[in-house]
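Right, one structure below, let's go through it.
The values are calculated or read from the model by the stated rules, or taken from the named source; none is laboratory data. Just so we're clear, the structure is a prediction, and the values are computed from it rather than from any experiment. Every residue, glycine among them, receives a Cβ derived from its backbone with ideal geometry; neighbour counts consider all protein chains shown.
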Amino acid sequence: MKTKCVLIFTLVFSLFYVSAQELALVRENGKFGYINKSGTYVIQPQFERAKSFSQQYAAVEKDKKWGFINTSGEWAIQPEYDKVKYFNSGYVLVLKDDTWQYIDASGNKLETPRTDKYYDFNDGVALYKSQERIGLIGTDGKVIIEPTYDIVKKFRNGHAKVKKLALWGMIDSKGKEIIPAIYQEIGNEFNASGVEGKKGDTFGIISNGTFNAIDGADKVWRFKGNSGLTYARKGKKVGFVNNKGEWAIEPKFDKARAFSNGLAPVANGKMWGYINKKGEMVIPASFRDAEIFADGFAPVKGKKWGFIDTTGKLVIPMEYGITAGLAFISRKEEKGFKNGLVRVKSKKGWGFLNEKGEVLAGKWFQNAENFVNTNE
């Protein structure tokens, strides 16, 4: 019985490992292929153009037509489309014969209401436009909400910013208006701590159905993660506020970015350092630029970029570039560590470093995109 349980556990773990596979799109000798996190090719470089994986499928081009391969490099959808997007919620937008349509992984078309314009699925819903108004459909092709809004932005964390009669609010993926459209401005992204907004001429935080004004603020940024603080500007100085709209750190910085790992990058003049949640400068302002922490490390810039740990120790020298090189295939611009690796550029090309600064498999590529979970 014990042996049987072990075998079942091993099988389940193996299936999870396969389903949780992370692959990165890279280019070598002019051709695109895909590597795993050991730096080994899972799919050899062979494509003229390609995109990163999304939900177990990657778009690749053959003979100037786009199709999709699976994680074994086999054709899942034959190359017959002029343009394609990314899979999300089980569907992908494809263009053929000047017509956009949704298809699933078997190539079956999703029947939807007549629409003036198609939008990608995201979080189980897609926008549709009819007579200059925007509504929502689900993955069954049926209408969730009729075209009601003038603008609906991309869904993020299961919520989307909407505009109606010149005012902004926010809906969830069921079409419920969780923040009424009564604000002059509102943030793009929902966060459990709150959403930044502007009511009349006053900036504040919308939290639990209440608008909490921020004294003297003339700009406020979004909450990130679960730090409980975001940054706002008063006059020409930046500080940090909580979701009640109270100044937790008085505005005294020229620039700032979000808290992560208990630290936030701030600048006075041209140099950046890091403060804690008491507003104390715990990593001296000695960098020309600085990004937020991720996985315990933050990108910092001298002439080029390197990485520090949370003590401020430089663990990877400042000799790299960190900005994506192929904007037409990049979905996200991630500049820091993720699951133990970070993408960087050197004189030798693009590659991935571990937390010790070692190059993954000792290999540099013409181009490289970030690793993605093939299920996402």
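Before we move on, is I137 farther than 30 Å from W75 by Cβ, part of a strand (DSSP E or B) and free of Cβ contacts under 8 Å to residues at least 40 places away in the same chain?
On the way: farther than 30 Å from W75 by Cβ: no; part of a strand (DSSP E or B): yes; free of Cβ contacts under 8 Å to residues at least 40 places away in the same chain: yes.
Taking the combined requirement at face value, the residue does not satisfy it.
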Among K109, K142, the single one that is within 29 Å of K176 (Cα to Cα) and either touching a Phe, Trp or Tyr at 6+ places or on another chain (Cβ under 8 Å) or of a type in the set (G, A, S) (or both) is K109
Flagged in region 209-241 as among the aliphatic types (A, V, I, L, M), within 21 Å of M281 (Cβ to Cβ) and more than 23 Å from the chain's Cα centre (by Cα), in numbering order, are V238, V241
- Residues in region 190-203: is at least one surrounded by 20 or more Cβ atoms within 10 Å (Cβ to Cβ), more than 24 Å from the chain's Cα centre (by Cα), within 30 Å of G306 (Cα to Cα) and not β-branched (V, I, T)? no
Per the filter on region 85-125, residues of a type in the set (G, A, S) and under 24 Å from the mean Cα position of the chain (by Cα) are S89, G90, A105, G124
Across (1) closer than 24 Å to E22 by Cα; (2) out of contact with any Ser or Thr (no Cβ under 6 Å at 6 or more places or on another chain), F87 clears everything bar (2)
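Considering each residue of region 156-174, count those that are closer than 26 Å to G124 by Cα, small (G, A, S) and modelled with pLDDT of 95 or more, and give that number.
Pass one, region 156-174, residues closer than 26 Å to G124 by Cα: 156-164, 167-174.
Next, only the ones that are small (G, A, S) stay: 158, 160, 169, 173.
When the remaining residues are screened for being modelled with pLDDT of 95 or more, the result is 160, 169.
Selection size over region 156-174: 2.
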